[in-house]
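Since the structure comes first, as structure tokens, the remarks are kept for the end.
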Amino acid sequence: MLDADFFRRWMTATAASVEREAERLTALDSPIGDADHGSNLRRGFAAVTAVLEKEAPDTPGAVLVLAGRQLISTVGGASGPLYGTLLRRTGKALGDAAEVSEAQLGDALRAGVDAVMTLGGAAPGDKTMIDALVPAVDALAESFAAARVAAEEGASATTPLQARKGRASYLGERSIGHQDPGATSAALLIAALAATADPEAADV
Amino acid sequence: MKMLINVAESVVADALRGMAAAHPELTVDVENRVVVRRDAPVAGKVGLVSGGGSGHEPLHGGFVGPGMLSAACPGEVFTSPVPDQMVRAAAAVDSGAGVLFIVKNYTGDVLNFDMAAELAEDEGIQIAKVLVDDDVAVTDSLYTAGRRGTGATLFVEKIAGAAAEEGQPLEQVEALARQVNEHSRSFGVALSACTTPAKGSPTFDLPAGELELGVGIHGEPGRERRAMMTSREIADFSVNAILDDMSPRNPVLLLVNGMGATPLLELYGFNAEVQRVLTERGVAVARTLVGNYVTSLDMAGASVTLCQVDEELLRLYDAPVRTPGLRWGV
């Protein structure tokens, strides 16, 4: 079973990973977006870490709802509402249980991903964060490690796609050949989850 | 790349501090990033709130003041502001007559303003929204996030601002804003890429001998890249792109807008060519505005916006305005 502390560590691990990878995310966002994905997410997850320390929510759902709200309040752009909604809706789906099972987390994360698709209007194949999140949620039934691999493969698989959502969509065919920064950061989130579940197996 | 800044992280806050010092007629909340006209909320008046990424100055903070915006929310450079800023702005300008959010069609702006509208309505503020999407360079909206909001933002904010100043009700101000957007079309070209402070180098690679046709206000491309053209050729291409999409029966407002790094000498010359082709195409120009109004940091280039107006829209456009970036009749 996973408790509030597990979810806090997941968020902290994500923040550390985003901090490390911020420049790479911004570099990926430069040719097809507007070169701010890394700096925006870094600002947001630093704020998440700070608010979780201060308010110390005591259920898994409350951790994610608070983290999501903080992202909406600090990130801006499209990433703020999309990542904020992902965490908030996942957290809400977990309810107010003190501990949740891996299967419950899988179901809740699916609800969160569905909410992101509704909000952003993106489907798999549009070259967005959805391309990493959907396969990750599908693989989560198997294991956290499988979800991590699926998310990373999903992010890599965005490279040959033509963007249909977000700012990269204005590039048309010229968006082909660049890995999507949103899918890349979504894979970091899932990798941090896998690393939190099994710190020895993963080197996140 | 040399820039007149301290560090990238404080660029927006530093600019707001300087804006506050230059414009005591505005209330500038540097910490929360909201620019409000000092006399807000004005009793009985609809509030107009706009916002978007920084880097497009004078858009939007420079359009705050009597006759135009009630408040503006600047985000990080090229990044939408967050809902908290918008809610704070709405609360600061709402006199009970409601607030109109003026939103440019970018995914981030749309999502954040949608969330802000819900939150503001929870606080009892009546919210209406208008989406600006005037950029004809985006041809196939089915496979993109839709037409971008660019130069028409100025016309929407000016005309809706004048209507609000007269005390027109929210539904009417919203309808006018929508009408202005529907009657506006824009097209932009870039001669060089822009440089964001966070990145410190040009955001895309545009070779010296080429230009980008159909560029957006973040340097994002629209149509194609070609060998450099003359001012005359660029004017023909830009105006024809707009007139392929609209056939104005009435006179138009014309905005010849610089992207930030093109001097007025070039913009006025470009305006002469734009006026020539409009005359050739039989389009009458009622008013012309030439200058840097909707910029993309240090990008060289220009955009053309046409807005078809009737007598009422022209009257509202001519109404007095007193803002840092636009000022007449007062």
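The values are calculated or read from the model by the stated rules, or taken from the named source; none is laboratory data. Owing to the predicted nature of the structure, the values given are computational and were not obtained by experimental measurement. Neighbour counts run over all protein chains shown; Cβ positions are idealised from the backbone, glycine included. Ligands, DNA and RNA are excluded from the accessible area calculation, which covers all protein heavy atoms including side chains. Shrake-Rupley method; radii C 1.70, N 1.55, O 1.52, S 1.80 Å.
Key figures
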item	result
Simple Cβ-charge dipole of chain B, Lys/Arg +1 and Asp/Glu -1, about Cα centre, in debye nearest 20	740 debye
Potential lengthening between A:Arg24 and A:Asp138 on full extension [0.36 nm per residue; Cα-Cα distance subtracted]	38.4 nm
Within a Gaussian network of chain B (alpha carbon springs, distance under 10 Å), most fluctuating of B:Gly96, B:Gly151, B:Gly216	B:Gly96
Helix axis angle, A:130-140 relative to chain A longest principal axis, alpha carbon, degrees	40 degrees
Computed magnitude of the charge dipole of the range B:179-330 (debye, nearest 20; Cβ of K, R +1, Cβ of D, E -1)	300 debye
Positive-end residue of B:Met86, B:Val42, B:Thr27, charge dipole of the range B:12-109 with Cβ unit charges	B:Val42
Top positive-direction residue, dipole computed over the range B:199-321 with Cβ charges, set B:Leu314, B:Leu213, B:Ser201	B:Leu314
Calculated log₁₀ intensity ratio I(q)/I(0) where the Debye formula runs over C-alpha points of chain A, q = 0.07 Å⁻¹	-0.17
Cα-based helix-to-principal-axis angle, A:79-94 vs chain A, degrees rounded to 10	30 degrees
Antiparallel %, DSSP beta bridges [both residues in the protein assembly as shown], to 5	55 percent
A:Ala56/B:Arg226 FRET efficiency (R0 45 Å; Cβ-Cβ; nearest 0.05)	0.15
Radius, Kirkwood style, for the protein assembly as shown when every pair of distinct Cα atoms is counted (Å)	23.6 Å
A:Asp3-B:Asn6 FRET efficiency (beta carbon distance; Förster radius 45 Å; 0.05 resolution)	0.55
B:His183 accessible area, assembled protein chains, probe 1.4 Å, Å²	60 Å²
Average projected area [Cα convex hull, the range B:240-330], square nanometres	6.4 nm²
Antiparallel DSSP beta bridges within the range B:1-149, percent to nearest 5	25 percent
Within a Gaussian network of chain A (alpha carbon springs, distance under 10 Å), most fluctuating of A:Gly182, A:Gly120, A:Gly44	A:Gly120
Distance between modelled label sites at B:Asp245 and A:Ser101, nm, 7 Å Cα→Cβ extension	5.4 nm
The range B:29-158: relative contact order in percent, alpha carbon pairs under 8 Å with at least 6 residues between	24 percent
Pair B:Tyr268, B:Gln172: separation of 7 Å Cα→Cβ label points (nm)	4.0 nm
Using a Förster distance of 41 Å, the FRET efficiency for B:Trp328-B:Glu182 (Cβ separation, nearest 0.05)	0.95
Accessible area expressed per residue, the range A:36-137, with surrounding protein chains retained (probe 1.4 Å, Å²)	35 Å²
Nearest-ten-degree value, helix A:144-156 long axis tilted from longest Cα axis of chain A	20 degrees
Spatial separation of Cα centroids for the range A:141-204 and the range A:62-128, in angstrom	16 Å
GNM top mover of B:Phe155, B:Phe204, B:Phe187 - chain B, alpha-carbon springs below 10 Å	B:Phe204
Leading residue at positive end of dipole, the range A:138-204 (Cβ point charges), from A:Ala192, A:Gly177, A:Ala151	A:Gly177
Relative contact order (%) - chain B, alpha-carbon pairs under 8 angstrom, separation at least six	18 percent
Protein heavy-atom accessible area occluded, A/B pair - total, 1.4 Å probe, Å²	2400 Å²
Unit charges on C-beta of K, R, D, E only; dipole of the protein assembly as shown, Debye	1220 debye
Whole-number percent relative contact order across chain A, with pairs defined as alpha carbons under 8 Å at least 6 apart	22 percent
Translational diffusion coefficient (Stokes-Einstein; Kirkwood radius from C-alpha pairs) of the range A:48-164 at 37 °C, 0.692 mPa s, in µm²/s	224 µm²/s
Amide proton proximity set for B:Leu100, modelled H, under 5 Å, gap of 5+	B:Gly47, B:Leu48, B:Val49, B:Ala128
Hydrodynamic radius of chain B per Kirkwood, over alpha carbon pairs, in Å	19.7 Å
